[in-house]
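Some notes on the structure that comes next.
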Amino acid sequence: MSQIELIEKCKKNDRKAQLHLYRQYCEGMFIVANRFLKHTQDAEDAMQEAFINAFQKIDQYTAEVSFGAWLKKIVINKSLDKLRAKQNYYITIDEAQLEVVADENNWQTSDDTTLEEVKTEIENLPDKYRVVVILFLLEGYDHQEISEILSISTSASRTQLLRGKKKLQQALKKQRHGTGY
């Protein structure tokens, strides 16, 4: 059965089709949620709630993007809602205090830095930086999309990315030079 047929059946509230789509996407969507929440139970809850919302609002799916991309946006929003509920870590940033972003595309590290070291250090970033770094670097969103998802300005997105990148590079440098760990 094609994905289009599955979605059409889901629009008719076909539980077997919903289960089929759930099984097809649950693992990937859990990974996305867990990147943000860093807690298995919270990630599972966010993923489940996202699927419930997706199936309740599946009539709004217009196939302008893939179903996976549409669902991923719902999962990200649910994950961010859970983060906001746990702690109110989004603070209003005074636009006059924002740093000018240098080169946000320069993510170079030492040649012997491993992917696991980078992932570990991303997980150790403060939430407000970690979320923007994940959205930009791992999920591929641009600053306009990040600003809409997080309800912050594009300038704040750029600044949080820059600050997160600096913290990430400093942490990786400490690891390499043995001064931090």
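Bear in mind these aren't lab numbers, they're just calculated from the coordinates by the rules spelled out. Just so you know, these numbers come straight off a predicted model, no measurement behind them. Every residue, glycine among them, receives a Cβ derived from its backbone with ideal geometry; neighbour counts consider all protein chains shown.
Potential lengthening of the chain between Glu145 and Lys174 amounts to 7.2 nm, from the contour at 0.36 nm per residue minus the alpha-carbon distance. In this simple spin-label approximation, Ser2 and Lys86 carry label points 7 Å from Cα along the Cα→Cβ vector, and these lie 4.1 nm apart.
Charge tally around Glu49: other residues with Cβ under 13 Å, Lys/Arg +1 each, Asp/Glu -1 each, net -1.
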